[in-house]
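A short write-up of the structure that comes next.
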Amino acid sequence: MYAIVVLLRSKKLVLPRSNTLGFMTDLSMNNKKARNLALFVGCVLFWIILDRITKVYIDTNYKTGDVIVQNILNLFQFDLVHNRGAAWGSFSGTTPILAGIAIVVCVIVCVFAWRESMMANGFEMVGLGLLVAGGIGNFIDRLVYGYVVDFITPTFINFPTFNIADIGVTCGIVLAAIGYLYQLENAKPPLKDE
């Protein structure tokens, strides 16, 4: 993300100091759109690369069921699972349908990000970028392998094994929602003193 900010500054897209939540407040609309789209695309690319590196490394060097690292801080462990369905293995055997749904959702989110890029804030753009990257990461697995490579298993609760793409989807939804709620809060007219 730092590289994107440096790139934008070098192109004379003035990036002012931000307010308390880190949102740019005095960009022209075109500069804001360019900044937001660069943030979105940079986030998508970074997260897909991180997801692919971790999955390829784990899947190439270990066998299904191998525990790679046990019980880290009593919170999670790394173990390889080939998930042919969705969370908890639900919808097993529906890989083409899940892949199709993922692509449709990613296209819709990309169109939404493009259309909203002039008005969106940084949280929204990063959130949407993580959401798209997570969907594409798991789509690539389904397309190439016929299953999703999962390897992070929580040990403190009964929860399905997941991966970096899944973290992107979850965090993306949360960040986009926070950004949207922040926009709504700032759009309210100030209360009048009586």
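The values are calculated or read from the model by the stated rules, or taken from the named source; none is laboratory data. Being a predicted model, the structure only gives us computed values, none of them experimental. Using ideal geometry, Cβ is built from the backbone for each residue, glycine included, and neighbour counts are taken over all protein chains shown. All accessible areas refer to the heavy atoms of the entire protein, side chains included, with ligands and DNA or RNA removed. Shrake-Rupley method; radii C 1.70, N 1.55, O 1.52, S 1.80 Å.
Tabulated data for the structure shown
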{"read-out": "Residues of the stretch 111-127 satisfying the condition of being hydrophobic (A, V, I, L, M, F, W, C) and crowded, with 18+ Cβ neighbours inside 10 Å", "value": "113, 120, 123, 125, 126"}
{"read-out": "Residue 30 vs. criteria part of a helix (DSSP H, G or I) and in contact with a Gly (Cβ under 9 Å, 6 or more places away or on another chain)", "value": "no"}
{"read-out": "First in the stretch 41-69 and of a type in the set (Gly, Ala, Ser), second anywhere and in a loop (DSSP other than H, G, I, E, B), Cβ under 6 Å, 6 or more apart", "value": "none"}
{"read-out": "Residue identified as touching a strand residue (DSSP E or B) at 6+ places or on another chain (Cβ under 6 Å), at pLDDT below 95 and aliphatic (A, V, I, L, M) among 58, 68", "value": "68"}
{"read-out": "Any hit, the stretch 158-176, residues being of a type in the set (Asp, Glu) and surrounded by fewer than 21 Cβ atoms within 10 Å (Cβ to Cβ)", "value": "yes"}
{"read-out": "All positions within the stretch 129-170 that are touching a residue at least 24 places away in the same chain (Cβ under 8 Å), of a type in the set (A, V, I, L, M, F, W, C) and more than 23 Å from residue 67 (Cβ to Cβ)", "value": "130, 131, 132, 133, 136, 139, 140, 143, 169"}
{"read-out": "Qualifying residue in the stretch 143-153 (condition: in contact with a helix residue (DSSP H, G or I) (Cβ under 8 Å, 6 or more places away or on another chain), more than 30 Å from residue 63 (Cα to Cα) and open to solvent by 20 Å² or more (accessible area, probe 1.4 Å))", "value": "no"}
{"read-out": "Long-range neighbours under 7 Å by Cβ, at least six apart or interchain, first residue outside any helix (DSSP H, G or I) within the stretch 101-118, second loosely packed, with under 14 Cβ neighbours inside 10 Å", "value": "118/29"}
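Let's see how each residue does on (1) hydroxyl-bearing (Ser, Thr, Tyr); (2) under 22 Å from residue 171 (Cβ atoms); (3) touching a His at 6+ places or on another chain (Cβ under 9 Å):
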position: 61; (1), (2), (3): no, no, no
position: 109; (1), (2), (3): no, yes, no
position: 114; (1), (2), (3): no, yes, no
position: 147; (1), (2), (3): yes, no, yes
